[in-house]
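What follows is one structure encoded as structure tokens, with my remarks underneath.
Any read-out appearing in this document is the output of simple, stated calculations on the displayed coordinates, not a laboratory observation. This structure is a prediction, so every number in the text was calculated from the model and none was measured. So basically every Cβ, Gly included, is an ideal-geometry build from the backbone, and we count neighbours across all protein chains shown.
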């Protein structure tokens with residue numbers, strides 16, 4: 001997650017199994033999700049609510065409760081991308097996204113879920129209301145709203161027909177939110193529930209991407225310029241597969257309805273080298289046509305698998321780290337580590353690759369590896385360390401030329417170009433932003449009737465508080 005740094009141990013215990021008859025073509029396939037839920041102290045949590053929802057639309061697929069030993073089992077689930085939600089009274093909830101029982105069952109087994117107890121001394125009746133509108137002021141329904149705390153996803157919901165999503169029973173503390181919907185710009189913000197658990201409301205404006213009528217045409221030929229029929233073309237945005245058409249007798253595929261942005265494709269057929277490449281849909285959604293040449297190389301395998309295991313110095317998994325796979329200087333895929341700290345890349349051809357592993361507040365890591373001519377699997381373990389500290393506090397006092405406090409000024413606190421918070425000065429002209437990690441930041445202060453003022457500051461490796469008085473001029 002982009003907002004906070006992991007301070008909770010959040011590991012899930014999920015076993016996913018596919019069941020089908022000998023005749024897989026006719027028999028239905030189902031999945032089973034099972035696990036055990038404990039507190040961070042290791043105590044089994046009985047009667048915890050466990051639910052599985054369809055990832056794409058939040059529709060509930062199954063629900064159960066843990067038994068006296070914290071164990072749960074959900075059977076006969078469809079083989080679709082799903083989210084697992086765990087809730088227990090007195091504990092912070094957890095959501096694990098994009099569980100894939102078809103392609104990544106191995107990464108979901110032999111794990112455990114640890115929930116963090118809520119501090120009894122703080123209030124836990126806070127309410128967050130997010131209203132999502134487009135640039136015309138119309139509500140945006142079915143936008144995905146994710147709530148994060150300390151690097152863990154606590155809630156995932158969809159806006160209703162009025163563009164509203166509401167989260168209740170929030171405890172005092174700092175949170176992050178991201179809001180996404182295909183065809184619209186992504187948005188994110190941070191907020192805090194104060195010691196009185198006063199309700200917090202936020203209105204988000206999402207803009208339509210320039211267009212979503214782009215058409216991509218790919219013609220696949222062999223070295224003799226003959227069309228290659230029956231080749232699989234995976235069209236992807238980042239690591240997310242959008243479509244996977246098969247070339248026709250002319251070696252051609254067409255994918256339409258693409259929004260402005262960057263994409264990539266992967267062409268594969270048995271007996272040929274795999275070909276990958278990028279393409280982009282411009283802001284006018286101008287059609288894109290490309291040709292790809294496949295070379296016959298029966299000796300080259302493309303079944304390699306890379307498994308990356310990301311842990312901290314205490315050997316605990318690091319969840320939500322971004323693992324990027326590179327080849328010949330181009331990024332070809334990326335994936336977030338799951339609750340076990342695992343990221344898996346399959347269908348890799350024999351070649352040399354590079355990987356970098358990133359997460360806000362943690363040291364970056366990178367390495368290179370090769371898939372050999374036999375496509376033997378490769379496993380790499382990476383240790384990431386949290387940066388020096390994340391308890392820095394910025395205090396700014398804004399005054400005018402007569403040394404009077406300036407109330408109601410907006411202070412945008414940023415790391416690079418990314419806005420972290422935008423508090424408003426109080427009656428004393430003061431704002432406080434806490435939870436800052438070691439590093440360099442900048443701020444921008446604005447109020448009607450005054451000149452905009454910008455500046456920089458840094459949180460040192462001891463996270464010493466940073467205090468400054470700023471003078472605004474008319």
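Quick notes on this one:
- Shape of the stretch 304-383, Cα gyration tensor, a/c cut at 1.5: prolate
- Per residue, the average separation of C-alpha pairs within less than 8 Å and at least 6 apart gives the chain a relative contact order of 10 percent.
- Taken over the alpha carbons of the chain as equal point scatterers, the Debye sum produces base-10 log I(q)/I(0) values at 0.10 Å⁻¹ of -0.91.
- Take 428-435, 327-334 and order them by the average number of nearby Cβ atoms within 10 Å per residue, most first; the result is 428-435, 327-334.
- Separation between Cα centres of the stretch 313-350 and the stretch 260-283, rounded to whole Å: 20
- Using a cutoff of 8 angstrom between alpha carbon atoms and counting only pairs six or more residues apart, the relative contact order for the stretch 392-471 works out to 38 percent.
- Placing a pseudo-label 7 Å from each Cα along the Cα-to-Cβ vector at residue 368 and residue 311 gives an inter-label distance of 2.7 nm.
- Semi-axis lengths, Å, the stretch 382-474, gyration tensor of Cα atoms, sqrt of 5 times eigenvalues: 28, 13, 10
- Overall form of the stretch 126-206 per C-alpha gyration tensor (a/c, 1.5; a/b vs b/c): prolate
- Percent RCO, i.e. relative contact order, over the stretch 126-206, from Cα pairs under 8 Å lying at least 6 residues apart: 39
- Packing-based order for 305-317, 150-162, using average beta carbon neighbours within 10 Å, highest first: 150-162, 305-317
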